[in-house]
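In what follows, a single structure is set out as structure tokens and then discussed.
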Amino acid sequence: VPSSTKPECKYTFSQIRTTSTFTAELECVFSGFDLATNGTPFQYWLDANNQPLPTNTKYQVSNDGRRLTIYNIMMSDSQTYKCVANTSAGEAHSDVKVTVTAWPGFVTVAPKDKVALEESDVIFKCESRSNLNELSVNRPVWYFNGQRITTNGTYNIGDNDATLTIRKAKKESHIGCVQCEIACENNECLPAWANGCLFVLKRIQVRRYFDKEITIKSGGLINLTVSASTDPNLHLKYKWLINGKCIVNQTLLNGPCENNSSATLIIDTSGKSRLTGLKGKYQLIISNKFDMYTYEAVVLIQSSTSKSEEASPAAIVVVIGTVVLLLGVGNCVYIYKVHQASKAAQIQAEFNTLLAKPLRFQQATIDTISTYIDDQSIPSTSVTRETS
């Protein structure tokens, strides 16, 4: 004859660990038979005070009583729950311990991605607090590319460990990501992580300059050129100004400034009427998206040419078989020693052409003429002597 049997717990999670605001599911499975209902044992759930749990938006019990679902779980839900099963033959129960851990929340935004120029200081922030009524959190712990870091010559951790400063960032060693870890006291909550990445760029470097002070006179062209470089990922832009006004495509503008694409500015000094408008402060602004460099020069006007500045005649003198060529320009005499008379004649021809040119360009041409010197036993540099 069939009879009722006492329930016996066959399956349950004795311990459940979850995080606040999550949903937890508890389950118990009992064996047994109840002759009165011709079915399985009747199951229900009790809290830590042995009070039945109601069915509402917080707690949901399945129709068979086996499963308890707790929504939006909080720290106050950390307790031992009891699942109970009974039949007319007896009762059994099993305990399920629920541990709720805190979840740290960031008060400010987690570390942000940054782009920085070399040799600049870069600051990351990671401030946090626990959620309401939960465990307090420890100070942040910092990592760079997954390796824990502390204050040293490169890194500085301050403001109660809420800020990380990378000093004088370098492209070759500081392209990567920083991470901050937030955990509760005594590690009673799951740690929270946040990260921000750093990209370091080379600064603008100027390798060739024009003079800081330039004196001009009428005639010819003056070339102002710089040579600059920047990070391979960026493109340089150039902006020229004279006395605060823009120069675009070699033309002086009164309108808004634009970035020119040229690192060269040509000054045309032909025509005395133009000279006055060419003097003043010249500025070259070199820039990219993240960096800017400004170089300045002053252009002056040379006074009118006097008779003493006119080119003096040239002469060829032969001394002990070596041709000595004296080229007179203004108040200077340039002496060149060459081995062959034919070379001297070649230089003489160049010099005669030179005399017809403005004084500023005579110097440049003389430097070119000096390349004809080919006697290795005699120094190939020109000697300049002031004359009365």
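Net charge of the neighbourhood of residue 204, taken over other residues with C-beta under 15 Å away and scored Lys/Arg +1, Asp/Glu -1, is +4.
Residues in the stretch 53-101 average 48 Å² of solvent-accessible surface per residue, probe 1.4 Å, ligands and nucleic acids excluded.
Hey, what do the phi angles of the stretch 137-149 turn into as Karplus ³J(HN,Hα) couplings, whole Hz, using 6.51/-1.76/1.60 and θ = phi - 60°, x for Gly and Pro? Values, residue by residue: 10, 6, 5, x, 10, 9, 9, 10, 6, x, 9, 5, 10 Hz. According to the square roots a ≥ b ≥ c of the eigenvalues of the Cα gyration tensor, what is the shape class of the stretch 177-233, taking rounded for a/c under 1.5, prolate for a/b larger than b/c otherwise, and oblate for the remainder? Prolate, since a/c reaches 1.5 and a/b exceeds b/c. Each pair of Cα atoms in the stretch 1-103 enters the Kirkwood radius, and Stokes-Einstein at 25 °C and 0.890 mPa s then converts it into a translational diffusion coefficient of 173 µm²/s. So, in Å, what gap is there between the alpha-carbon centers of the stretch 13-90 and the stretch 173-213? After rounding, the separation between the Cα centres reads 50 Å.
Shown in residue order for the stretch 181-186 are the 3J(HN,Hα) couplings computed by the Karplus curve 6.51 cos²θ - 1.76 cosθ + 1.60 at θ = phi - 60°: 10, 10, 9, 7, 4, 6 Hz (x for Gly and Pro).
With a threshold of 18 Å on the Cα-Cα distance, the over-threshold entries among 114/237; 114/202; 170/237; 237/279; 114/168; 114/239 are 114/237; 170/237; 237/279; 114/239. Distant-in-sequence amide contacts of residue 16, defined by a placed amide H-H separation under 5 Å and a gap of 5 or more residues or a different chain, comprise 97, 98, 99.
The values are calculated or read from the model by the stated rules, or taken from the named source; none is laboratory data. In this text the structure is predicted, and so the values were computed from the model without any measurement. Neighbour counts run over all protein chains shown; Cβ positions are idealised from the backbone, glycine included. The accessibility values were calculated without ligands, DNA or RNA, using every heavy atom of the protein model including side chains. Shrake-Rupley method; radii C 1.70, N 1.55, O 1.52, S 1.80 Å.
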